[in-house]
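The values are calculated or read from the model by the stated rules, or taken from the named source; none is laboratory data. What you see is a predicted model; the values in this text were computed from it and never measured. Cβ atoms come from the backbone with ideal geometry, glycine included; neighbour counts cover every protein chain shown.
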Amino acid sequence: MLPFAQRGSAGVRGFVSGRVGEGSGDRESPRVAFADVPDERPRYLYDGISSAGIYRAAALLWPDWVEVEGCVLRREMADVENVRRWMATEGASVQRTEWAVNHVHLYDEVEEGLEEPQELLDERLLAVAERLAAAWRASLAAAFPARQFHVEVAGPEEDHGPTVYAFSASS
């Protein structure tokens, strides 16, 4: 059990919807209901995230940052040949290459075909993008403390859905 759950605070008890059956071995649903959530939103905090989904979320929230040809990139995007192609383009710079290679369109990270209004999808993903940007700022500072970075969020009206960009500050 987690230390904060052991304290028995009303906040923790208020979030738990079911208990492990005493002696029966049965478990109630892990879903957590909130009575004050407006009807247009899901009524459950937990709706079954796959292990692959939570693994991907962790990789997005706190990436492994590496340096390639002077560019700080998410490890999953750190392809030397791709960086060299970007650096060979007209007007190329470390910042421009990082901006292009490090960005994440959150539309590309969610399942297609979910039946939710576009406004709600954009609202949720913009909130995720803001949290992602905050985590990237912290993870970049931890990985490269001697460098300064810009981490920016573009809204759905500015790009292909809410998008996060990370690039070095100009030297």
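Descriptive notes on the structure:
- Qualifying residue in region 143-163 (condition: small (Gly, Ala, Ser), under 23 Å from Ile54 (Cβ atoms) and in contact (Cβ under 8 Å) with a residue 24 or more places away in the chain): yes
- Among (1) over 14 Å from the mean Cα position of the chain (by Cα); (2) crowded, with 16+ Cβ neighbours inside 10 Å, the one test that Val151 misses: (1)
- From Leu120, Leu132, Leu73, Leu125, residue being modelled with pLDDT under 95 and either crowded, with 17+ Cβ neighbours inside 10 Å or touching a Leu at 6+ places or on another chain (Cβ under 7 Å) (or both): Leu125
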